[in-house]
Amino acid sequence: MNRASVSTADAGADVLHSSLRSIANPASADEFKQAFRNHPAGVAVITADAGDGPVGLTATSVFSVSAEPPLLVFSVSALSSSTPTIKRAETVVVHLLGADHIDIAKLCATSGVDRFADTSAWGRLTTGEPVFHAVHAWIRGAIIAQLEAGNSTLIVVQALQVNAPEVGEPAADREATRPLVYHNRAWHHLGEHSRL
């Protein structure tokens with residue numbers, strides 16, 4: 001990512017940040033969390049390396065915002081040990097997890113462990129980013145904007161490379177095609193049993 005695009009992204013983030021305003025009587029944190037407990041979310045793992053070693057975190061805040069240009073957004077908490085590295089990185093890899101990747105989701109959601117101790121589970125792309133081998137769908141992208149929001153930071157990413165099975169492509173392992181979902185403090189998977 002060139003420096004000009006970083007400057008433009010930072011300027012855009014500053015405009016967004018200045019548009020946030022304080023509300024006199026917001027809902028309580030507990031009320032807010034309770035509402036979202038019944039709202040399921042897909043599970044992803046974000047990896048990055050800003051030059052001082054790989055980091056990874058599990059996120060349920062990933063969503064696409066545009067196809068042209070291809071943009072996605074996720075948030076990182078100020079409390080996460082991975083956040084400083086992700087905020088300094090120029091690129092990240094967003095792993096979109098299937099049900100058979102629950103071990104990776106749990107690993108990157110656990111505090112105080114070396115998430116990259118098992119060197120057989122991950123490697124680096126030719127561009128240097130850490131990637132978990134088992135994950136069938138991932139997106140490598142450039143961070144183009146950051147927005148401070150409460151005790152989190154919204155990260156805007158432009159996709160540079162996509163690794164995903166073709167739609168309708170038969171999977172050798174059907175588990176890989178079942179999305180991993182987080183709902184009401186528990187892991188779930190989607191499949192034929194959940195189709196309406």
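What follows draws every value from the coordinates through simple rules; no lab data is involved. Everything numeric here is computed off the predicted structure, so don't read it as measured data. In this analysis, Cβ positions are derived from the backbone assuming ideal geometry, glycine residues included, and neighbour counts consider all displayed protein chains.
Scanning segment 32-47 for residues that are of a type in the set (A, V, I, L, M) and either exposed (fewer than 12 other Cβ atoms within 10 Å of the Cβ) or part of a helix (DSSP H, G or I) (or both) gives a single hit, Ala35.
Just one residue in the set Ser111, Ser81 is under 27 Å from His183 (Cβ atoms), under 15 Å from the mean Cα position of the chain (by Cα) and assigned to a loop (DSSP other than H, G, I, E, B); that residue is Ser81. Pairs are defined by a Cβ separation below 7 Å, a sequence spacing of at least 6 or placement on different chains, a first member in segment 143-155 that is in contact (Cβ under 8 Å) with a residue 12 or more places away in the chain, and a second member that is among the acidic types (Asp, Glu); the pairs so defined are Ile143/Glu90.
Looking only at residues in segment 48-78 that are assigned to a loop (DSSP other than H, G, I, E, B) and of a type in the set (Val, Ile, Thr), the one that is nearest to the chain's Cα centre (by Cα) is Val62. The residue that is nearest to the chain's Cα centre (by Cα), among those in segment 114-148 that are over 19 Å from Asn163 (Cα atoms) and among the small types (Gly, Ala, Ser), is Ala145. Cβ-Cβ distances below 6 Å connect the following pairs, each with a first residue in segment 100-112 that is surrounded by 11 or more Cβ atoms within 10 Å (Cβ to Cβ), a second residue that is in a helix (DSSP H, G or I) and not charged (D, E, K, R), and a separation of six or more residues or different chains: Asp100/Ala176.
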